[in-house]
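First up is the structure itself, then whatever we jot down about it.
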Amino acid sequence: MRTHSRATAWFLASPWVVAFALFGLYPFVFSLGASFTNYTPLAPDATRFVGLANYARALHDPAFWSALRNTALFVLGTIPFTTAASLGLALAVQPAFRGRTLFRVGFFLPSVVSIVVLSLVFKGLYASNGGLNSVLALMHLPTPAWLQDPRTALPGIMAMDVWAASGYYMIIFLAGLEGIPRDLYDAARLDGAGGWARFTHITLPLLRPTLLFVLVVNTIRSLQIFAEVFVMTRGGPLGSTTTVVYHLYEQAFSRFQLGEASAIAYLLFLLSLGLAWVQMKAVGAQEESRG
Amino acid sequence: MSEVREEELVPPPPAWGMSARRWLWLAPLLAAMLLPFLWMVALSVSPQAGNSFTKALEGPWDFSQYRTLFETGKMGRYLLNSLGVAIIVVVLNVVTAAMVGYVLGRKRVPGERFWTMGIVATLMVPKQTLMIPLYLVLARLHLLDSYAALILPFAVDAFGIFLVRQYVTQLPIELEEAARVDGATDWQIFREVALPLLKPVLAVVAIQAFLTNWNSFLFPLIFVDSDHLRTLPVGLALMSQTEHSVDWGFLMAGSTVASLPVLVVFVAFQRQILSGLLAGAEK
Amino acid sequence: MKRIALALVLLLAMGACAPAKKVQEVVFWQFWPLEVIQPLVTAFEAENPGIHVRVEQLTWDGGKDKITASVAAGNPPDLCELGSTYMPRFLDSGALSDWSAGVADLRPGLRGWEQCMVGDAIYGLPWVLGTRALFYNKALFARAGLDSTHGPVTWAELETAAARIQKLGGGVHGYGVSLNDKQKLFKKFMPYAWGNGGEILSAGLDSARFDSPENVAALEFYLRLRKVGTLGMQDALDQEFKEGRLGMQISGAWLFKQIPKEAPHLKYGVALVPQPAADRGTHASFAGGEVLVSFQASKRKEDALRLARFLVRPDNALALAIAAQSVQPATVSADTAAYYRERPMQQVLIQQFATARFTPNHAAWDEMEQAIESEVEQALYDKKSAAQAVTDANARIAGLLGKK
């Protein structure tokens, strides 16, 4: 029985394993290998092994550490808010009420538009004489030049990210919430448990896998943000919005030094892996093997 | 298994009072979220406003940008390409995610944790670095400049697999075990017991696969040369970008049009997320 | 049902494999819209029966990545358009085809050879060029009591004009100072440095010459303009100019295309970039352009060269420039063409070419440009004095000399 189910399992997965090997694994291994060479796509025949030189160069570059710091700030400043907001929105639009679909669609809307267009729109919103400042002026509040001031540029991009991502993770939480059997709530209500008790004792624990998913995936994505920075600030002002991937792009990619770019990418990869592992330990602890 | 209609199980919509309360604090939130979208539409009907929202709101509105969009007939082609490719990618993604996610979630392979980590790990490398090797693979397989180049590399997505895997770990296993006792084969268990329970998460996988693929720019740009194979984001960029500036009205009109199919897909699929209501009721 | 769908899908995927490439085609990758380039290509095919050209349009955003990927895979296009900013890296890589013999006869008739040469060897053909000049708002000049028939000629005139316009108030600014808009700030600041006699590298590209009193003076002048103007990125400054709230700024030919559409009532003029003083310096500016190249790995090299030679003919380059509006032909006497004689503002841009400077073709040029821009940015945010910024930039440039 055991071997039968295992064989079936492998069979079910096989075509995908091939596709994954070709289009997922190979590029991954290739760029990992490239990080130990001086590979440049314009002259692939001149590739030479350089050992850890690319990694050393990245780690000795103050610009890399500055980018790392910006990226860390970004992640720490958005993940908690996005997670809380998307969970809150999901809880708000899960029960049946009139117009629920309108709200679901409305909150999801920001995710529908391409990130480049969204960034362009926000760039205009954040302009010195743009929409946001017009509103602030009406309320007699200060109107900084958001994207031109090193102190407000990154927070501005962070706010946009929370705004854009909340609706997206909301639907993931929605699916997770729907997977919780109704009768658990009914039984709890019979036992006299109030709303908050039901949330902490039923919803949260059963939502753990989904919560872990949202945390891990959102962290990975946030560690890699690039498009918003590229469109809105080009990494400025004074390098305050340069993230690791933007740094990678500017330093190595535009100079066609893929070896150097890959080294930076794999340093980021190690960081992502570490963070994901920590998150899995902290949140995913309760994965009893149910198979 | 008889299909129980959802309407028979769900109580009638609540009184307006409760709904009204919800509207009170959700509506302003919604308005704030929609504002930038409103900006986009406003700019699309005010080509003379450049990228100034206030000018767009006041000035005369005309839909000429939308007309221009479809004038050359290319937009229609790009839309069709995007649609065709996205649908196929969604189907492949949903199927892969369901199968592989289920297998991983039920720990059917040795070292499952390791495989899962490995699959998730591929998400951790920025795609700019994967661009060249992917191109090389496609070149060697002679798949460049074809629909296959737009579909195959994206047929298997770690995101969907991971999502389904997580969902499956929290799914009660009793139904499947009961079916096994009844003598069902693995495939039958998967198809008839597990799959219906996976509807909510597969709906999400479908939505997100569609969305990611629909807005995908860099890879379709690099892997496809011929104009007749182009997808929407690339086509739109070609039509609205010049070396030093952006044709705002045109770009916003194109983006608004580009958002519509995703919205349709979302509205259609988000009802599927509701079907989980049945999962508990079956007991 | 699902199984059928699956099978269909797999069939589609396999059937959609790459179409058989026609071997007789010359593959041409370029950045202009097909409506603009197709007529030229069709004319070429008419003149050269038997050669069929397949034109592909690249996006400015990502186009370079696509070209690079194709070179890496060993299947680059036969003829390709490259921007002058891409040239140093491509020249250094050895991936380009040597055209020294094939284009020698065209030397006298075209400008901008610096972009595609290494030593005496030529690796491309200059096709169209772009530069920057001073755009000024005639209505604002008149309101400020200035002579609106011509723009300022010297730095002093520029500063005075900007000050007077700034005083008009009401959201109006005198001069638009560019912030660190990557690869754009350089083009808005260096004209003043070059005009003042400053340099970046020595003629042999082997030593850094950026640390000089001329460059410091230019930067100090640029910083002073902040007091009589406003700061912004290129699109913000362009927008303000189009809305008639900006007196002057250095900008480029794309405005000729945008203004009739977005600000048809704007009264504006174009002047050469002001020089330091009436008796000193030059009306220098930045110059860049688009170059046609072929690759070592290209399959139809002779036909590519033939197509390139066709495209750079005065009539054809002019046709492209007129259609695109944001560039001018690389032809030496382009400003004598009837089209430009009827458009004095565009003629000024072509005249600007005479005193404009191309960027050095050093392999590490991207990083040197980044160094200059980030140091100027530090000065713009008052983190450093002009002198310190120039010295630090020079140190960074010197460090890049031996590098690739």
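The values are calculated or read from the model by the stated rules, or taken from the named source; none is laboratory data. Keep in mind the model is a prediction, meaning the values are calculated, not measured. Reconstructed Cβ throughout: ideal geometry from the backbone, glycine too, with neighbour counts over all protein chains shown.
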Check your understanding: Quick one: in segment C:53-98, which of the residues that are more than 7 Å from every other protein chain (Cβ to nearest Cβ) and in a helix (DSSP H, G or I) is nearest to the chain's Cα centre (by Cα)?
Key -> C:M87
Point to revise | Residue in segment A:229-239 that is at negative phi, surrounded by fewer than 23 Cβ atoms within 10 Å (Cβ to Cβ) and among the aromatic types (F, W, Y) present | key: yes
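To keep it simple, each residue is scored yes or no on (1) part of a strand (DSSP E or B); (2) of a type in the set (D, E, K, R).
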| residue | (1), (2) |
| --- | --- |
| C:S251 | yes, no |
| C:P260 | no, no |
| C:V270 | yes, no |
| C:H283 | no, no |
| C:A287 | yes, no |
| C:V291 | yes, no |
| C:E302 | no, yes |
| C:R309 | no, yes |
Exercise for review: Go over the candidates A:S86, A:S134, A:S128, A:S111 one by one and state the one that is surrounded by fewer than 20 Cβ atoms within 10 Å (Cβ to Cβ), assigned to a helix (DSSP H, G or I) and either among the hydroxyl-bearing types (S, T, Y) or in contact with a helix residue (DSSP H, G or I) (Cβ under 6 Å, 6 or more places away or on another chain) (or both).
Suggested key: A:S134
Review point. Taking B:I119 and the conditions (1) aliphatic (A, V, I, L, M); (2) without any contact (Cβ under 8 Å) to a residue 12 or more places away in the chain; (3) crowded, with 21+ Cβ neighbours inside 10 Å; (4) more than 14 Å from chain C (Cβ to nearest Cβ), which numbered condition does it fall short on, given that it satisfies the others?
Key: (2)
Check your understanding: Any residue at all in segment C:114-124 that is more than 16 Å from the chain's Cα centre (by Cα), within 14 Å of chain A (Cβ to nearest Cβ) and either assigned to a helix (DSSP H, G or I) or at pLDDT 95 or above (or both)?
Key -> yes
Exercise for review: Please find, within segment A:1-57, the residue that is modelled with the lowest pLDDT out of those that are closer than 30 Å to B:I189 by Cα and basic (K, R).
Suggested key: A:R2
Check your understanding: Which of the residues belonging to segment B:139-161 are under 24 Å from the mean Cα position of the chain (by Cα), within 12 Å of chain C (Cβ to nearest Cβ) and assigned to a helix (DSSP H, G or I)?
Key -> B:Y147, B:A148, B:A149, B:L150, B:I151, B:L152, B:P153, B:F154
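Pull up segment A:267-281, narrow it to residues that are aliphatic (A, V, I, L, M) and touching a Leu at 6+ places or on another chain (Cβ under 9 Å), then point me to the one that is farthest from the other protein chains (Cβ to nearest Cβ). Write out each step before concluding.
Of the residues in segment A:267-281, the ones aliphatic (A, V, I, L, M) are A:267-268, A:270-271, A:273, A:275-276, A:278, A:280.
Now drop any that are not touching a Leu at 6+ places or on another chain (Cβ under 9 Å), which leaves A:267-268, A:271, A:275-276, A:280.
Numbers: A:L267: 11, A:L268: 7, A:L271: 9, A:L275: 9, A:A276: 7, A:M280: 8 Å.
If we take residues in segment A:267-281 being aliphatic (A, V, I, L, M) and touching a Leu at 6+ places or on another chain (Cβ under 9 Å), then A:L267 is farthest from the other protein chains (Cβ to nearest Cβ).
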Revision key, fill the gap. Counting only helices (runs of 4 or more DSSP H) entirely within segment A:164-266, those with at least 3 residues that are facing chain B (nearest Cβ under 7 Å) are A:204-223
Point to revise | Meets criteria (out of contact with any Cys (no Cβ under 9 Å at 6 or more places or on another chain), away from chain C (no Cβ under 14 Å) and not hydrophobic (A, V, I, L, M, F, W, C)) for A:S114 | key: no
Study note, to complete from the structure: Restricting attention to segment B:162-179, the residues that are surrounded by fewer than 16 Cβ atoms within 10 Å (Cβ to Cβ) and assigned to a helix (DSSP H, G or I) number exactly 3
Check your understanding: Quick one: C:V312 ticks every box in (1) in the same structural domain as C:L34 (by TED's automatic domain parsing); (2) farther than 19 Å from C:S84 by Cβ bar one, so which box is it?
Key -> (2)
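Within segment C:162-189, can you find the residues that are of a type in the set (D, E, K, R) and touching a Lys or Arg at 6+ places or on another chain (Cβ under 6 Å)? Lay out the reasoning, then the answer.
Just the residues of segment C:162-189 that are of a type in the set (D, E, K, R), to begin with: C:164, C:167, C:181-182, C:184, C:187-188.
Those that are of a type in the set (D, E, K, R) and touching a Lys or Arg at 6+ places or on another chain (Cβ under 6 Å): C:K182, C:K187.
Within segment B:51-70, work out how many residues are in a helix (DSSP H, G or I), surrounded by fewer than 20 Cβ atoms within 10 Å (Cβ to Cβ) and more than 9 Å from chain A (Cβ to nearest Cβ). Break it down into steps so the answer makes sense when it comes.
Of all residues in segment B:51-70, those in a helix (DSSP H, G or I) come to B:53-58, B:64-70.
Now drop any that are not surrounded by fewer than 20 Cβ atoms within 10 Å (Cβ to Cβ), which leaves B:54-55, B:57-58, B:64, B:66-68, B:70.
Retained after the next criterion (residues that are more than 9 Å from chain A (Cβ to nearest Cβ)): B:55, B:57-58, B:64, B:66-68, B:70.
Counting residues in segment B:51-70 that are in a helix (DSSP H, G or I), surrounded by fewer than 20 Cβ atoms within 10 Å (Cβ to Cβ) and more than 9 Å from chain A (Cβ to nearest Cβ) gives 8.
For residues in segment B:29-50 being of a type in the set (G, A, S) and assigned to a loop (DSSP other than H, G, I, E, B), which is nearest to the other protein chains (Cβ to nearest Cβ)?
Let us first name the residues in segment B:29-50 that are of a type in the set (G, A, S), namely B:31-32, B:42, B:44, B:46, B:49-50.
Adding the requirement that they be assigned to a loop (DSSP other than H, G, I, E, B) leaves B:46, B:50.
Numbers: B:S46: 10, B:G50: 5 Å.
So, considering only residues that are of a type in the set (G, A, S) and assigned to a loop (DSSP other than H, G, I, E, B), the one nearest to the other protein chains (Cβ to nearest Cβ) is B:G50.
Determine whether segment C:56-68 contains at least one residue that is over 25 Å from A:F226 (Cβ atoms) and either touching a Cys at 6+ places or on another chain (Cβ under 6 Å) or crowded, with 23+ Cβ neighbours inside 10 Å (or both). Break it down into steps so the answer makes sense when it comes.
Here is the first cut: in segment C:56-68, the ones over 25 Å from A:F226 (Cβ atoms) are C:56.
Next, from what is left, pick out any that are either touching a Cys at 6+ places or on another chain (Cβ under 6 Å) or crowded, with 23+ Cβ neighbours inside 10 Å (or both): none.
No, every residue in segment C:56-68 fails to be over 25 Å from A:F226 (Cβ atoms) and either touching a Cys at 6+ places or on another chain (Cβ under 6 Å) or crowded, with 23+ Cβ neighbours inside 10 Å (or both).
Go over the candidates B:L197, B:L221 one by one and state the one that is in contact (Cβ under 8 Å) with a residue 12 or more places away in the chain, within 11 Å of chain A (Cβ to nearest Cβ) and among the aliphatic types (A, V, I, L, M).
Working: B:L221 fails: within 11 Å of chain A (Cβ to nearest Cβ).
It is B:L197.
Every residue in segment A:81-122 that is touching a Gly at 6+ places or on another chain (Cβ under 6 Å) and over 17 Å from B:S19 (Cβ atoms), please. Walk me through how you get there before you give the answer.
First pass over segment A:81-122, keeping only residues touching a Gly at 6+ places or on another chain (Cβ under 6 Å): A:107-108, A:110-111.
Of everything in segment A:81-122, those that are touching a Gly at 6+ places or on another chain (Cβ under 6 Å) and over 17 Å from B:S19 (Cβ atoms) turn out to be A:F108, A:P110, A:S111.
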Point to revise | Candidate set from segment C:347-404 (those that are β-branched (V, I, T) and out of contact with any strand residue (DSSP E or B) (no Cβ under 6 Å at 6 or more places or on another chain)); member that is nearest to C:K227 (Cα to Cα) | key: C:V376
